[in-house]
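For reference, the structure is listed below as structure tokens.
The values are calculated or read from the model by the stated rules, or taken from the named source; none is laboratory data. Bear in mind that the values here come from a model prediction, so they are computed numbers and not experimental data. For neighbour counting, all protein chains shown are included, and Cβ atoms are generated from backbone atoms with ideal geometry for every residue, glycine included. In case anyone asks, the SASA skips ligands and DNA or RNA and just uses the protein heavy atoms, side chains included. Shrake-Rupley method; radii C 1.70, N 1.55, O 1.52, S 1.80 Å.
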Amino acid sequence: SNFLNSNMNSEQRYILALSFIKGFGDNRIKNLITYAKSAQNVWEGSKDELMKINGIGPKLISEIGKSKYLEQADQEIEFCRLHQISILTFLDDNYPSLLKECPDYPAVLFTKGNVRFENSLKIAIVGTRKMTSYGKFFIDELIDGLKNFDVTIVSGLAYGCDIYAQSLALQHGLPTWAVLAHHLNHIYPSKHTKIAEDMLENGGWISEQA
């Protein structure tokens, strides 16, 4: 198991290094790794071999293997360790399987708190920032009806419907996750920091950026 863990950790490091190369989006990274059988093979293997992959030119290929990207990856791993952020790559067993149904699923996810992807049913509640009285009524009824079930409420921590649904979930003891469009080291809007921190006990935060 230690061998497996260190192997996965080295894969994580090489995937992160690839993600720091400008011009490598998620799909390119996944194509490279699928072709070469591992991220480490991409990093250390033959550049000529990688040139056979459609849509990746010599300029991008020449960036692979440069130590500055591995240094950035190591800094990212250390930053995550210090801030209790988990790194999840698409090669990990606990990467959310349903997300892989999307053609552009992220190569790497970052989570903070108590996020277990495969456990319960997820219900996303998102809506307008200016919540109507009907919207409020609907969310009240929905969450009241769900409170005795094993469900996780997923939203975006934004003003209006999002934060209302997530604060109600906390009141009813339902786990809730915030899917964020920004780094996990600060919360936006800052007004929602208290609720976001309460979520870490029974739920957590998810982002494509650490």
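Couple of notes before you dig in:
- With the largest listed first and rounded to whole Å, the semi-axes of the equivalent ellipsoid of the range 75-174 from the Cα gyration tensor are 29, 15, 14.
- Whole-number accessible area per residue in Å² for the chain, which is evaluated in the context of all protein chains at 1.4 Å: 56 Å²
- A Cβ-based charge dipole, computed about the Cα centre of the range 104-143 with Lys and Arg at +1 and Asp and Glu at -1, lands at about 200 debye.
- For Cα extents along the principal axes in Å, the value computed from the atomic coordinates appears in the list (i) 58, 48, 34; (ii) 41, 36, 31; (iii) 61, 36, 29 under label (iii).
- Computed [θ] at 222 nm, helices only, for the chain once each DSSP H run of length n ≥ 4 contributes -39500 (n - 2.57): -13000 deg cm²/dmol
- Cα gyration tensor category, rounded, prolate or oblate, for the range 47-105 with a/c compared to 1.5: oblate
- With DNA, RNA and ligands ignored, accessible area of TRP177 (1.4 Å probe; Å², nearest 10): 10 Å²
- Where LYS59, LYS68, LYS147 fall by accessible area, highest first, once all protein chains stay in place (1.4 Å): LYS59, LYS68, LYS147
- Compared with the dominant principal axis of the Cα atoms in the chain, helix 2-19 is inclined by about 90°.
- log₁₀ of I(q)/I(0) at q = 0.23 Å⁻¹ - the range 1-110, Debye sum with one point per alpha carbon: -1.42
- Cα long-axis angle, helix 67-82 against the chain (0 to 90 degrees, to the nearest 10): 30 degrees
- The chain, dipole about Cα centre (Lys/Arg Cβ +1, Asp/Glu Cβ -1), debye to the nearest 20: 520 debye
- The chain: angle of helix 133-146 to the longest principal axis, Cα-based, in degrees nearest 10: 80 degrees
- The range 163-210 shape via C-alpha gyration tensor axes, a/c threshold 1.5: prolate
- Accessible surface of the chain [probe 1.4 Å, protein heavy atoms]: carbon and sulfur percent: 52 percent
- A 1.4 Å probe, protein heavy atoms only, puts the accessible area of PHE24 near 20 Å².
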